[in-house]
Protein chains: 2
Amino acid sequence: MRPSIFQTLEKAASDAGKRNTMATANLKKAVGIDFGGTETKLARVNERGKAEAAASFPTAEAPGPDAWIAAVAAALPQLGLSNEPETLRREIVGIGIGAPGFTDFERGYIYDLTNVPGWKAVPLADRMEARFGVRTRVDNDVNAMAMGECTFGVGRLYQHAVFVTLGTGVGGGLLIHNRIYRGAHSMAGEIGHVSIDLNGIRSPQGVGGLEQYVGNRAIVERAAAALRAGRASALRERYAGDFSRLTPRDIAAAATAGDALALEVFDFVALCLATAFASIAYLLQPQVIIVGGGVAQAGPVLFDPLRRHLKDRLSPLFYDRMDVRPAALGAAAGVIGCAALALAES
Amino acid sequence: MRPSIFQTLEKAASDAGKRNTMATANLKKAVGIDFGGTETKLARVNERGKAEAAASFPTAEAPGPDAWIAAVAAALPQLGLSNEPETLRREIVGIGIGAPGFTDFERGYIYDLTNVPGWKAVPLADRMEARFGVRTRVDNDVNAMAMGECTFGVGRLYQHAVFVTLGTGVGGGLLIHNRIYRGAHSMAGEIGHVSIDLNGIRSPQGVGGLEQYVGNRAIVERAAAALRAGRASALRERYAGDFSRLTPRDIAAAATAGDALALEVFDFVALCLATAFASIAYLLQPQVIIVGGGVAQAGPVLFDPLRRHLKDRLSPLFYDRMDVRPAALGAAAGVIGCAALALAES
């Protein structure tokens, strides 16, 4: 079997480590664009996965494809790059974009971005290549994060991994034989809609979907409901009277300090995650499940009960052969992952 | 991309169709061995997926690897084949074995067969190759059936498929980019343990596993409990007083004839399957889910409510792009699938 691009990149990173006094000027570079509903973040990222320069603009100030591409052109000089195709082509190997919605990676096409108006049916890769003259890859934002985490983060040591991100939404990406697996129509990895209860909470996507139980709003609402019902907790003093302004971070901090209610909330989140992760393990038997996103920052108050419930719900033949680990890249995972989409083929 | 072995086989089958008066003597052949807990079935299968000759022996009469390999040697002449390596090597391209338990396909190794004593830690492929001189592949029986269905049955037109078999146990196999995907340790595809209820029925494998709701015993027990509780049904006359002797086939026949209780039982089975299938669709987005095994013979009383519940539990972006189809190979799926394991590499 030929070495995968991940192995190649890893070897490159390892070789690079041995001579890390060398200038980085000769390393391949790509631009990663983390296209968020609120902010569009850009970075120049080298083949070791290091963001060398960063820029951003508010997405609402560049509405629709024309304005957005113009805003990208305006931002490139802030990354020390040209926005003229002839020059840019010599500076970077490509551009990778992670977009918040349904995309077709093969065609570099955006079907629809749920929370960004004006982005229905856009052949974005073609548009970008016409403007900037460099190869452009477009994927959904969670796949891009999975790509980054699997290339430069925790996943780089595995060939079969599942990446899950916990936040307002719950998403995922699958690494199979060292490659992101996108399914028949580029939409695989929707872990937030995996059902954990056939009679559970209904959403537009189905019944009992994981996101309905462990998304940010569900976590806050669970704590708020207990507080409104009069439950004692250190959380009571924060946002008293308007408990819906609590955040998962507040609850995680209280849990870490030993607050019983907050610990219960995270135990329930862990139980729901373990139910879905056990299904994923039986189905795909990955070597690792990597958990990223804001809620994963909770640390041991999440991961300890998660491993306990998972052990209770999996045969040892599966549990003993699978790791569950927090993601490593942190806040920069988005742009680095987007750049990895372009670096992977260079 | 090079044509996959499936495409090659399909093309061969198609070409063969055009000249189907030609003698089959020149077609490649393999021996498929469906190693069941009760019976071991063998067939000589050609590269078009046709079983040309068959034989069998009771598994209990050949206890343990030595006796079993001797029984296979005794059966080969019944298939019109030699059991001498020098001759056999010219007659067939290989042997494929599907075994009822945990196997390691890469090593051709049997970890353990749950219901067959004397089969712990057996390097079966090595043993067979030493005795018969032809390449031997060993997989679990459900993967072998999936392989057969994906090579010669419904799945041959798809690149991304999930195969599910419904019987005493519920198992599965995954086709990803035209190849059976076995996960990190050869055990992927355990669809029977995908959870549909985080607070559901406990088993040694976890909580809420699909098999606990739609396995043969669960189906019969659900009907029997309603009958014991006095529920009116055409099923009452059969096995009166010992309703646990009912079979899924009896219940399917009653449902097809319009019996309300039997229809309810199959609607519940369909609901449970739809919950798991929706999770699988969101995770993997296959082009098709192929349903085989005894219970799948129920026909429309299973598939109609299954499609209805699935539509209710999936976004149209997923539902409209995925087929749900009954398996095509029927009773011979086992041996043909086993032979396909060997033919796939020839």
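Bear in mind that the values in this text are calculations on the coordinates, not laboratory data. Source: prediction; values computed, not measured. Here the Cβ positions follow ideal geometry from the backbone for every residue, glycine too, while neighbour counts run over all protein chains shown.
What are the nm distances, shortest first, from B:R228 to its equivalents in the other copies, labels at 7 Å along Cα→Cβ? With the label placed 7 Å along Cα→Cβ, B:R228 yields 4.3 nm.
Within the range B:136-154, list the residues whose amide N lies under 12 Å from a label point set 7 Å along Cα→Cβ of B:E39. It comes to no residues whatsoever.
Distances between placed amide hydrogens fall under 5 Å for B:G292 paired with B:V164, B:T165, B:L166, B:A327, all partners being 5 or more residues away or on another chain. Cβ crowding within 10 Å ranks A:D104, A:D312 as A:D312, A:D104, fewest other Cβ atoms first.
Please arrange B:L166, B:L76 by how many other C-beta atoms lie within 10 Å of their C-beta, fewest to most. Each step should come with its number before you reach the end.
Working: B:L166 29, B:L76 21.
Ascending Cβ contact count within 10 Å gives the list B:L76, B:L166.
Between B:E61 and B:R179, the modelled label-to-label distance comes to 4.1 nm, taking each label 7 Å out from Cα in the direction of the beta carbon.
Which percentage, to the nearest 5, of the DSSP beta bridges contained in the range A:30-136 is antiparallel? Before the final figure, lay out each step's value.
Details: 17 of 22 bridges.
Expressed as a percentage, antiparallel bridges in the range A:30-136 total about 75.
Model label points for B:S203 and B:N115, set 7 angstrom from Cα along the Cα-to-Cβ axis, are 1.3 nm apart.
For the range B:61-142, the C-alpha radius of gyration divided by 2.2 N^0.38 Å, with N the number of residues, is 1.06.
For the protein assembly as shown, the antiparallel share of DSSP beta bridges with both residues in that region comes to about 65%. Whole-percent P(r), the protein assembly as shown, all Cα pairs, 20 Å bins from 0: 17, 45, 31, 7, 0.
Can you give the Rg/Rh ratio of chain B, where Rg is from the C-alpha atoms and Rh is the Kirkwood radius?
Values: Rg = 20.9 Å, Rh = 21.1 Å.
With Rh from the inverse mean 1/r over Cα pairs, Rg/Rh is 0.99.
Subtracting the Cα-Cα distance of A:L157 and A:E52 from 0.36 nm times their residue separation leaves 35.4 nm of extension gain. Between A:E84 and B:A229, the modelled label-to-label distance comes to 8.0 nm, taking each label 7 Å out from Cα in the direction of the beta carbon.
Proximity of backbone amide H atoms, modeled 1.01 Å from N, is registered between B:G183 and B:A188 at under 5 Å, excluding neighbours fewer than 5 places apart on the same chain.
Placing a label point 7 Å from Cα along the Cα-to-Cβ axis, A:Y239 is separated from the same position in the other copies by 5.6 nm, shortest listed first. Computed on the range A:158-328, with alpha-carbon pairs under 8 angstrom and 6+ residues apart, the relative contact order is 23 percent.
A P(r) calculated from all alpha carbon pairs of the range A:146-284, with 5 Å bins opening at zero, reads 2, 10, 17, 18, 16, 15, 11, 7, 4, 1, 0 percent. The spacing between the range A:165-222 and the range A:64-99, judged by their C-alpha centroids, is 32 Å. Segment B:A240..B:A257, full-extension length gain: 4.2 nm, with 0.36 nm per residue of separation and the alpha-carbon distance subtracted.
Across chain B, Cα pairs under 8 Å and at least six residues apart give a relative contact order of 20 percent. Note: relative contact order over the range A:90-209, using C-alpha pairs below 8 Å and six or more positions apart, is 18 percent. Taking the helices alone, chain A has a mean residue ellipticity at 222 nm of -12000 deg cm²/dmol, built from -39,500 (n - 2.57) per DSSP H run of at least 4 residues and averaged over all its residues.
Sorted from nearest, the other copies put their A:P123 label points 5.6 nm away, the label point being 7 Å from Cα in the direction of Cβ. When DSSP beta bridges are restricted to pairs lying wholly in chain A, around 60% turn out antiparallel.
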